[in-house]
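S.K.: The following block contains the structure, expressed as structure tokens.
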Amino acid sequence: MTIYLFSLSALSSQTEILAQKQFFERVFRLYFTLVNTSNIYYYKKIYYYKKKYKKTHNQLYTVYQFTSIPSNDLSNVAILIGHNFLITSYLANHQLTEKNLYCITCDYHLFYLYRKQYNLFLCKQIDNKCFLFDKNAYNMKFNPTFAHLILLQAKKHHSVEECLSLAFNKIDIKEM
């Protein structure tokens with residue numbers, strides 16, 4: 001199993017990155033080791049006169065890649081956590097070896113191009129939005145989503161595969 005955490009470099013908190021890693025270690029009863037960090041730039045474009053686009057600014061994001069130990073346990077599963085535009089931008093430029101991608105992000109429509117390459121699963125949402133809850137209310141060091149909370153409760157009585165199926169919905173190609 002591999003976890004990809006997308007973080008805005010200027011605001012990234014090592015505490016939150018470590019807390020996410022420890023959360024997944026606790027939920028899946030696996031250890032994760034940092035195998036790679038990479039930087040990606042996201043260029044925000046705006047539409048203006050006569051269908052021309054202008055780069056307004058670029059932002060540097062860091063992608064933290066954690067792999068489970070042992071690495072062959074659920075080797076075909078990747079969890080991607082971040083904004084939808086970052087995840088799709090990363091998928092456009094990187095070929096992931098995992099075929100089952102579980103995304104904690106918003107709006108599945110951006111994943112249209114990747115529907116044939118991967119089995120895509122999206123966290124539970126309301127109106128295509130992935131809501132963040134207050135970390136203090138749940139005694140956590142990062143703001144959890146529905147998926148985090150479901151995984152936390154499901155780990156007590158279910159296998160890893162069952163936990164993932166409870167917290168994520170498969171993106172149906174026909175919906176796109």
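The values are calculated or read from the model by the stated rules, or taken from the named source; none is laboratory data. Keep in mind it's a predicted model, so treat the numbers as computed, not measured. Positions of Cβ are backbone-derived with ideal geometry, glycine not excepted, and every protein chain shown enters the neighbour counts. Side chains are part of the model used for accessible areas, which takes the heavy atoms of the whole protein and leaves out ligands, DNA and RNA. Shrake-Rupley method; radii C 1.70, N 1.55, O 1.52, S 1.80 Å.
S.K.: I need the peptides 126-139, 152-165 ranked by packing, meaning the mean over residues of other C-beta atoms within 10 angstrom, with the highest value on top.
M.R.: 152-165, 126-139
S.K.: Then there's this: Before I look further, what does the range 2-170 give for accessible area per residue, probe 1.4 Å, in whole square angstrom?
M.R.: 57
S.K.: Report the calculated FRET efficiency for Tyr112 and Asn76 (r = Cβ-Cβ distance, R0 = 35 Å), to the nearest 0.05.
M.R.: Given R0 = 35 Å and the Cβ-Cβ separation, E is 0.95.
S.K.: Carbon and sulfur: what percent of the range 61-167's accessible surface (1.4 Å probe)?
M.R.: 52
S.K.: Kirkwood hydrodynamic radius, computed over distinct alpha-carbon pairs, for the range 2-170: how many Å, to one decimal?
M.R.: This gives a value of 16.8 Å.
S.K.: At a Förster distance of 22 Å, what's the computed FRET efficiency of Ile69 paired with Gln14, Cβ-Cβ distance as r, to 0.05?
M.R.: Calculated value: 0.60.
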